[in-house]
Amino acid sequence: MEKDELMKLLEQEETDEGAKLPAPEEDPLFPKAVDFALEAGQVTPGVLERALEIGYGRAARMVEAMEEMGLISPFVPMQPHTVLMTREQWEALQKK
């Protein structure tokens, strides 16, 4: 299965109540996920899942969003994503 197909499946995933999950950057826990990554210097969906007590799919979408925003490095098998920005750089980017 290709990455695009996998992301489409993840986007179609619904919560137990049947409601669509919010886009990662609209997720109320996304700022906490970013803070966690900035503090730790690296992040994986599994670690984020445990730290925020959320499902793996939700954590994976947040990590993908952070990657697309340039906050963390691209996926490399068997390695965590490395944070590429300082907190100050991230905050400045959010003000734009």
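Data for the structure
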item	result
Normalised contact order of region 45-96, rounded percent, pairs of Cα under 8 Å and 6 or more residues apart	21
Estimated distance in nm for a label pair at Ala40 and Glu88, the labels positioned 7 Å out from Cα along Cα-to-Cβ	2.5
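Values quoted throughout were computed directly from the atomic coordinates according to the rules given, and no laboratory measurement underlies them. Not measured: the values here are computed from a predicted model. For neighbour counting, all protein chains shown are included, and Cβ atoms are generated from backbone atoms with ideal geometry for every residue, glycine included.
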